[in-house]
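Engineer: Shown below is the structure under consideration.
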Amino acid sequence: MPSRLRGEFRPRRFLRNGHLQTIVGNYLPRRDSLPQAEAELVQVSPGTNGQISSRVLCHCHWQPGEVRASRLTVILVHGLEGSSSSQYVVGNANKLWSMGCNVVRMNMRNCGGTEQLTPTLYHSGLSSDVRAVMEYFISREHLESVALVGYSMGGNLVLKLAGEFGGGAPAELRAVVGVSPALDLAPSADALHQLRNRLYELKFLHALLRRFRRKASLFPRAYDPNRATGIGSLREFDDRITALYSGFSGADDYYYRAAAARVIDRIEVPTLILHSEDDPFIRLTEESRVKIVETASIRLLETAHGGHCAFLADATAGYDGYWAEYTLIDFLREHA
């Protein structure tokens, strides 16, 4: 398998700019013909020191009858401040369901309106949550094959988990895909603070601060809402809130320990990484690129255009133009 390919992606007419791809891709409504989801709460961390356990909400779509265990199950993981209802999650879920897969749309801790289900915050290092969800459904449903697909922050989580597994991944895990993955956390956080990206940063920051204040109201003994005062960047939020309440010494320690880049060269499961060179704020360092290219199990597919989590091509009859979704499905067909 080639470790690095040049993507044959042609952006949609009038959407060659990475910012336009990102914005339109985020807000363009998707057709949803999925059957009613089964809501499942999965414990991802036991309670300690008198705290309640942490649970995440998964929206599941199972193929009918006895075939469910033998069908590929794809666990979809959203990005920062997204949810199981994010447009790219819904788009992938519809395509995967129509090709006969089981689909699990996983919400990270606190996401999808679930702040009350866990006393903790969520962050980019909680690959153990993805592992807990995967192992839970493998055990309960006797699944024969599973794939993990993550976008942005979710991409970091699934790649980090694959690296942590190394050669010891469960036999049921057949493939991993990261789309626009934030695997180099520090340079990506700093890129968000650049003037041209400030609108993205402020959008994320507003949502994160609002969520933190909700957590403080739900768990007043655990969180000090005054910690949110005066925060003006994502790095400041991670330094003053994420790190403090999640066991890191500061933002730099968090970015290093939580980044998939630290373990990317240990991946042995067939893995696809989709990255656009005009992504406004996700940065892939040269050191990480070398690790990826030299890791035989990883296929790096880079495109000149595509923005962040968008990759919008021209739509034609029978093709809606969501290039990344068809590309990752082809990869799953090949390996899972």
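The values are calculated or read from the model by the stated rules, or taken from the named source; none is laboratory data. In this text, all values refer to a predicted model and were calculated from it rather than measured experimentally. A quick note on method: Cβ atoms are made from the backbone with ideal geometry, for glycine too, and the neighbour counts reach across all protein chains shown.
Engineer: Out of curiosity, is Q43 at pLDDT 90 or above and assigned by TED's automatic domain parsing to the domain that holds G155?
Structural biologist: Working: at pLDDT 90 or above: yes; assigned by TED's automatic domain parsing to the domain that holds G155: yes.
Against the criterion (at pLDDT 90 or above and assigned by TED's automatic domain parsing to the domain that holds G155), Q43 qualifies.
Engineer: Let me confirm something: among S128, S83, which residue is among the hydroxyl-bearing types (S, T, Y) and closer than 19 Å to L161 by Cβ? Walk me through it before giving the result.
Structural biologist: Values: S83 fails: closer than 19 Å to L161 by Cβ.
Every option except S128 fails the conditions.
Engineer: Please verify whether S276 is within 30 Å of T303 (Cβ to Cβ), among the polar types (S, T, N, Q), at pLDDT 95 or above and surrounded by fewer than 23 Cβ atoms within 10 Å (Cβ to Cβ), treating the condition exactly as stated. Break it down into steps so the answer makes sense when it comes.
Structural biologist: Details: within 30 Å of T303 (Cβ to Cβ): yes; among the polar types (S, T, N, Q): yes; at pLDDT 95 or above: yes; surrounded by fewer than 23 Cβ atoms within 10 Å (Cβ to Cβ): no.
No: the conditions fail for S276.
Engineer: Also, I was wondering about something else. Going by the structure shown, is I292 farther than 24 Å from S145 by Cα and either surrounded by 15 or more Cβ atoms within 10 Å (Cβ to Cβ) or touching a Leu at 6+ places or on another chain (Cβ under 6 Å) (or both)?
Structural biologist: Details: farther than 24 Å from S145 by Cα: yes; either surrounded by 15 or more Cβ atoms within 10 Å (Cβ to Cβ) or touching a Leu at 6+ places or on another chain (Cβ under 6 Å) (or both): yes.
In short, yes.
Engineer: Of all residues in the stretch 57-85, count the ones that are under 11 Å from the mean Cα position of the chain (by Cα), closer than 23 Å to F331 by Cβ and not aliphatic (A, V, I, L, M).
Structural biologist: Matching residues across the stretch 57-85 total 4.
Engineer: With the checklist (1) in contact with a strand residue (DSSP E or B) (Cβ under 6 Å, 6 or more places away or on another chain); (2) assigned to a helix (DSSP H, G or I) in hand, flag the one item K160 doesn't pass.
Structural biologist: Here K160 meets the rest and fails (1).
Engineer: Continuing with this model, one more query. Return the only residue of A162, A132, A169, A175 being in the same structural domain as A69 (by TED's automatic domain parsing), in contact (Cβ under 8 Å) with a residue 12 or more places away in the chain, in contact with a Pro (Cβ under 7 Å, 6 or more places away or on another chain) and over 21 Å from A310 (Cα atoms).
Structural biologist: Only one candidate qualifies: A175.
Engineer: Are any residues in the stretch 291-336 β-branched (V, I, T) and part of a helix (DSSP H, G or I), and if so, which ones?
Structural biologist: I292, V293, T327, I329
Engineer: Now, a different point. Looking at the stretch 176-191, is at least one residue under 15 Å from V269 (Cα atoms), at pLDDT 95 or above and in contact with a Lys or Arg (Cβ under 6 Å, 6 or more places away or on another chain)?
Structural biologist: No, the stretch 176-191 contains no residue that is under 15 Å from V269 (Cα atoms), at pLDDT 95 or above and in contact with a Lys or Arg (Cβ under 6 Å, 6 or more places away or on another chain).
Engineer: For the stretch 142-163, what are the residues that are in contact with a helix residue (DSSP H, G or I) (Cβ under 6 Å, 6 or more places away or on another chain) and not hydrophobic (A, V, I, L, M, F, W, C)?
Structural biologist: H142, E144, G150, Y151, N156, K160, G163 - these are the residues of the stretch 142-163 that are in contact with a helix residue (DSSP H, G or I) (Cβ under 6 Å, 6 or more places away or on another chain) and not hydrophobic (A, V, I, L, M, F, W, C).
Engineer: Moving to a separate point now. When you go through A222, A296 one by one, which is the residue that is touching a residue at least 12 places away in the same chain (Cβ under 8 Å) and either of a type in the set (D, E) or outside the structural domain of L117 (by TED's automatic domain parsing) (or both)?
Structural biologist: A222
Engineer: Filtering the stretch 42-88 down to residues that are part of a loop (DSSP other than H, G, I, E, B) and of a type in the set (V, I, T), which residue is surrounded by the fewest Cβ atoms within 10 Å (Cβ to Cβ)? Break it down into steps so the answer makes sense when it comes.
Structural biologist: Our first condition is that a residue be part of a loop (DSSP other than H, G, I, E, B); within the stretch 42-88, this holds for 46-53, 62-64, 71-72, 78-86.
In the following step, the residues that additionally are of a type in the set (V, I, T) were identified as 48, 52.
On the way: T48: 10, I52: 14.
Taking the candidates together, the pick is T48.
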